[in-house]
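The values are calculated or read from the model by the stated rules, or taken from the named source; none is laboratory data. Computed from a prediction, not measured in an experiment: that's the story for all the values here. Ideal geometry is used to build each Cβ from the backbone, glycine not excepted, and the neighbour counts take in all protein chains shown. Keep in mind that these areas ignore ligands, DNA and RNA; they rest on the heavy atoms of the full protein, side chains included. Shrake-Rupley method; radii C 1.70, N 1.55, O 1.52, S 1.80 Å.
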Amino acid sequence: MALSKNKFTEDENDHSRKIRISKEPDQRRQEIVETALEMFSEKGYENTTIQDIAEKMNVSPGLCYRYFKSKTEIFAATSEYYAIQAVEQMKIPVSQDMPAIEKLNLVIKRMFDFSVNHSEYESRYNEGSGIRAILLDDVAYQWMTVMIPIIEQGMKEKTFSCSNAPRTAQFLISGLVHTFHAEMPEEKTKEYMQSFFDFTQDMLVRVLGIKAD
């Protein structure tokens, strides 16, 4: 977090950049993660350095290395944080009396709304790489924790035709998440997301054996 410069002369400004506010380790680590998320969204993984992240925080790169061994490790923490934020959006409480099919539609819509609101971050990882895999695996895992209970409920209500909720969720979510990003364009991402949302609804009907009304 940058220090206010209003009360400093030019020489004092240079000195103030070296001053680091003492923070609790968990708080400082989280600040690195959130700053990295912002930088990766703006510049992409390849074009962002630990120096960039440190400068944004007004600290030395050495401070970042106290918490993370490498940029890849920072990105792993960032993708986990992003995935958790996404799943928290999907976990907003709904009525317990809501049928599984309605919960399913609501969760899917929330997921895509979150993606649209973070389209710049999403569009940075359309290249086939290990970096993208870190992000996608985190998102898929977090999403499955939400989907499995809904599928189990749908099986009990006999609106979903599948025999194994965890396997069905893994097959469905992993496939959708990786396919979603494999074709992600760097431009017109919101239009692409809308078309993929329609595709996802069709796949849910097929994989879960949902009968049309």
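With all protein chains present, how much of the accessible area of region 64-213 (probe radius 1.4 Å) comes from carbon and sulfur, to the nearest whole percent?
Whole-percent figure for carbon plus sulfur exposure: 51.
Kindly sort TYR81, TYR121, TYR65 by accessible area of their heavy atoms, largest first, with the probe set to 1.4 Å.
The most accessible residue leads, giving TYR65, TYR81, TYR121.
Using 0.36 nm times the number of residues separating TYR141 and PHE199, minus their current alpha carbon distance, what extension gain do you get?
Net length gain for the segment: 18.8 nm.
Determine the dipole magnitude for region 24-81: charges of +1 sit on the beta-carbon of Lys and Arg, -1 on that of Asp and Glu, nothing else is charged, the reference point is the Cα centre, and the result goes in debye to the nearest 20.
Value, rounded to 20: 220 debye.
What FRET efficiency comes out for the pair ARG206/HIS118, r = Cβ-Cβ distance, R0 = 25 Å, nearest 0.05?
That pair, ARG206 with HIS118, gives E of 0.35.
Placing +1 at every Lys and Arg Cβ and -1 at every Asp and Glu Cβ, with all other atoms neutral, what dipole size does region 77-120 have around its Cα centre, in debye to the nearest 20?
Value, rounded to 20: 100 debye.
Modelled label-to-label distance, THR72 and GLU186, 7 Å Cα→beta-carbon offset: nm?
Label-label distance for THR72 and GLU186, simple model: 2.3 nm.
Ranked highest first by the average count of other Cβ atoms within 10 Å around their residues, in what order do 141-152, 85-96, 107-118 fall?
141-152, 107-118, 85-96
May I ask you to work out the translational diffusion coefficient for region 26-119 at 37 °C, viscosity 0.692 mPa s, via Stokes-Einstein with Rh from the Kirkwood sum over Cα pairs, reported in whole µm²/s?
For the chosen part, D equals 220 µm²/s.
Among 163-173, 182-192, how do they line up by average Cβ neighbours within 10 Å per residue, starting with the highest?
Order by mean packing, descending: 163-173, 182-192.
Rounded to the nearest 0.05, what FRET efficiency do ASP97 and GLN170 give with R0 = 22 Å and r taken as the Cβ-Cβ distance? Could you check?
0.20
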